[in-house]
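Step one of this worksheet: look at the structure below.
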Amino acid sequence: MNAPFDRPRRLRNTPAIRRLVAETSLEARHLVLPMFVADGLDDPRPISSMPGVVQHTVDSLRSAAEAAVTAGVGGLMLFGVPKPEDKDAVGTVGTDPDGILNVALRQLRDDLGDSTVLMADTCLDEFTDHGHCGVVRPDGAVDNDATLARYNEMAVVQARSGAHMVGPSGMMDGQVAAIRRALDDAGFLDTGILAYTAKYSSAFYGPFREAVGSSLQGDRKSYQQNPANLREATRELHLDLSEGADIVMVKPAMLYLDVLRRIADESDVPVAAYQISGEYSMITAAAERGWIDRDAAIAESLLAIRRAGADIVLTYWAHEVATALH
Ligand code: PBG
C-alpha cells in the first residue's frame, strides 16, 4: 500500500546520498581573504576583537598572502592601516604611491604576479583623521562629488601599484562610473571594479574599526544603506551595472541573505558577499565559550551565503577553509 505522503528523507539517509544531491558547494576558489597591512609595525599586531586576525607588517603580509594563495583561495582583498599621525582630512596617504597600501600592493603583485586576483579597498576611511569614507564639508556632511575626485586618484594609484581590481566601498553616488572613467583615461582598461553595491550601515563592522584603527566618531548613515531597505539595493545594483561594475557585492552577508538573493537574481555579473568582521567575531566568540561547534558553524555560514546567491565570498576564514577543502 502506498504511503499517503512523499518521503524526502530518502535523499538524506547516508552521507553518500547527501553528497550526491547537495545543491550548493564551496570551493577554495570561491573565497577571498581580506588582509590588513599596517605602517610602522615591527611585528604583526593581533586584533583583539578578531582573534586569529592580525595587522600585518609588509613582510608578514607577504608570507601570509603566499600561503593563502598556495592553499587555493580565489583572491586577496587588501586594507591599509597608516600611522595615526599620517592621517589627514582628505586621506592623502591613501593616494601616496609610498603610502602603506600602495607599497604593499606593489610588493604582493611583484611576489604573486597573476597567480591570484589582487584587490584593494578603495576608500578613504582608513586614511582620514575624521574616519569618514569621504571628504567632509564644513557643515559636517560628506561631500559626494569631492570624494569621487579622491576615489579616482586612489583607484589609479592602486591600479598602477598592481591591483587587478579596485574595490570602492564608500557608497558614494556615481563612484563606479567615476572610477571606470579615471582608470580608462589612465590606460588601465583591464583593471576591474569590484563594486560594494549594497553596503548597509551595520553595527557589525565594529571589530573592523579596531582592525584599521578607525578614528570615526558618529556613523555612516548618510552614505551606507538603511538596514530597513531591500528595494534600494536593486536600485544600487542597476546603477552599478550601468556604470560598469565587473563584480557586485553585498555586505554584510549573514543578516542580508535576502538582499543577496535578490541581487543574485537580477545581476548579470558575478556576485560577491562580504562576511564581515562582526560575523567573524560572533562565531569566534561563541565557539571560544564552547557554545557552538566552530568549524561546523563556519562551514554552515559560508554554505548559506553561497546558497543565497554569492559566487564569491570574502571571509577572514578564507585561508583556513581553503586549506580544509584541499
Ligand atoms: C570601508 C570598509 C569597511 C569594511 C570594509 N570596507 C568599514 C566600514 O564601512 O565601516 C568593513 C569590513 C568588516 O567589517 O569586516 N573602507
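Taken together, the values in this text are just the output of simple stated rules run on the coordinates, not laboratory data. These numbers come from a predicted model, not from an experiment. With ideal geometry, Cβ positions are generated from the backbone for all residues, glycine too; neighbour counts draw on all protein chains shown.
Suppose each label sits 7 Å from its Cα in the direction of the beta carbon; what would the R9-R160 distance come out to in nanometres?
Calculated label separation equals 6.6 nm.
Can you tell me the relative contact order of the range 140-291? Whole percent, Cα pairs under 8 Å, sequence separation 6 or more. Display every interim value, and only then the final one.
Numbers: 206 pairs, mean separation 35.3, N = 152.
Result for the range 140-291 is 23 percent.
Residues with beta-carbon under 15 Å from that of E85, excluding E85: net charge, scoring Lys, Arg +1 and Asp, Glu -1? Numbers along the way, then the final one.
Working: positive: K83, K87; negative: D39, D86, D88, D96, E126, D129.
Summing Lys/Arg as +1 and Asp/Glu as -1 gives -4.
Output the 0 to 90 degree angle, nearest 10, between the alpha-carbon long axis of helix 277-288 and the longest principal axis computed from the alpha carbons of the chain.
50
How much net charge surrounds D111 when only other residues with a Cβ under 13 Å from its Cβ are counted (Lys, Arg +1; Asp, Glu -1)?
-1
Note down the nm distance, to one decimal, between modelled labels 7 Å out along Cα→Cβ at R307 and at K221.
3.4
Around D39, which amide H atoms from residues at least 5 apart in sequence, or from another chain, sit under 5 Å from its own amide H, with H modelled in the peptide plane?
Residues meeting the criterion, in which the H sits 1.01 Å from N, are V81, K83.
Kindly provide the chymotrypsin sites (Phe, Trp or Tyr not before Pro) of the range 241-311 that DSSP labels as loop, not H, G, I, E or B, and whose Cβ sees at most 16 other Cβ atoms within 10 Å. Write out the running numbers ahead of the final one.
Numbers: sites: Y256, Y274, Y280, W291; in loops: W291.
Here the sparse-neighbourhood loop sites are W291.
Antiparallel as a % of all DSSP beta bridges within the range 24-325, to the nearest 5?
Details: 4 of 38 bridges.
The antiparallel proportion sits near 10 percent.
Using Cβ contacts closer than 10 Å as the measure, can you line up H238, H164 from fewest to most?
Working: H238 12, H164 20.
Placing the least packed residue first, the sequence is H238, H164.
Which angle from 0 to 90°, rounded to the nearest 10, does the C-alpha axis of helix 294-307 make with the longest principal axis of the chain?
Value to nearest ten degrees: 80.
Treating only the Cβ atoms of Lys and Arg (+1) and Asp and Glu (-1) as charged, compute the dipole magnitude of the range 149-206 about its Cα centre; round to the nearest 20 debye.
Values: 5 positive and 5 negative charges, 26 e Å.
Computed about the Cα centre, the dipole is about 120 debye.
How do R18, R106 rank when sorted from fewest to most other Cβ atoms within 10 Å of their own Cβ? Before the final figure, lay out each step's value.
Working: R18 11, R106 17.
Least to most surrounded, the residues fall as R18, R106.
Could you tell me which of S301, A211, L239 has its Cα farthest along the dipole of the range 24-325 towards the positive end, charges placed at Cβ (Lys, Arg +1; Asp, Glu -1), taken about the Cα centre?
Comparing the listed Cα positions along the dipole, S301 ranks first.
Averaging sequence separations of C-alpha pairs under 8 Å and six or more residues apart, then dividing by the length of the chain, give the relative contact order as a whole percent.
19
With no solvent and one equal point scatterer per Cα, compute the Debye intensity ratio I(q)/I(0) for the range 249-322 at 0.20 Å⁻¹ and report its log10, rounded to two decimals.
Treating every Cα as an identical point scatterer, log10 I(q)/I(0) equals -0.78.
Quick one: net charge of L239's neighbours, Cβ under 11 Å, K/R +1, D/E -1? Please report the intermediate quantities before stating the final value.
Numbers: positive: R235; negative: D173, E232, E236, D240, E243.
Value of the local net charge: -4.
Taking other Cβ within 10 Å of each residue's Cβ, how do I193, I47, I305 sort, fewest first? Each step should come with its number before you reach the end.
Details: I193 25, I47 21, I305 28.
Placing the least packed residue first, the sequence is I47, I193, I305.
Which ³J(HN,Hα) values in Hz, rounded to whole numbers, follow from the phi angles of the range 71-81 under the Karplus curve 6.51 cos²θ - 1.76 cosθ + 1.60, where θ = phi - 60° and Gly and Pro get x?
6, x, 4, x, x, 10, 10, 9, 10, x, 10
Count the lysine pairs in the chain whose Cα atoms lie under 25 Å apart, taking only pairs 8 or more positions apart in sequence or on different chains.
Number of lysine pairs found: 5.
What percent do you get for the relative contact order of the range 203-326 when only Cα pairs under 8 Å and 6+ apart count? Before the final figure, lay out the partial values.
Values: 129 pairs, mean separation 34.1, N = 124.
Reported as a whole number, the value is 28 percent.
About its Cα centre, what dipole magnitude does the chain give when the only charges are +1 on Lys and Arg Cβ and -1 on Asp and Glu Cβ, stated in debye to the nearest 20? Spell out each step's value before the answer.
Numbers: 31 positive and 46 negative charges, 311 e Å.
I would put it at about 1500 debye.
Once amide H atoms are placed 1.01 Å from N in the peptide plane, what residues at a sequence separation of 5 or more from L31, or on another chain, have their amide H within under 5 Å of its amide H?
The list, which skips near neighbours in sequence, is G74, V313.
What FRET efficiency would be calculated for the residue pair E266, K83, taking the C-beta separation as r and a Förster radius of 51 Å, to the nearest 0.05? Mind dumping the intermediate values first?
Working: r = 42 Å, r/R0 = 0.83.
Result of the calculation: an efficiency of 0.75.
Classify the range 24-325 as rounded, prolate or oblate, taking a ≥ b ≥ c as the square roots of the eigenvalues of its Cα gyration tensor: rounded when a/c is under 1.5, otherwise prolate if a/b is larger than b/c and oblate if not.
On the way: a/c = 1.28, a/b = 1.13, b/c = 1.14.
Rounded, since a/c falls under 1.5.
Along the charge dipole of the chain, which of M249, H130, N13 sits closest to the positive end, that is, farthest toward it, with unit charges on the beta carbon of Lys, Arg, Asp and Glu (+1, +1, -1, -1)?
Projecting each Cα onto the dipole axis, the largest value belongs to N13.
Using the crude model of +1 on Lys and Arg Cβ and -1 on Asp and Glu Cβ, and no other charge, please compute the dipole size for the range 225-326 relative to its Cα centre, in debye to 20.
Numbers: 9 positive and 16 negative charges, 54 e Å.
My answer is approximately 260 debye.
Got a sec? Which residues in the range 243-259 would a label at D293 touch, if it sits 7 Å along Cα→Cβ and we count backbone N under 19 Å?
No residue passes the distance filter.
Can you give the angle from 0 to 90° between the axis of helix 175-185 and the longest principal axis of the chain, with both taken from C-alpha atoms, to the nearest 10?
60
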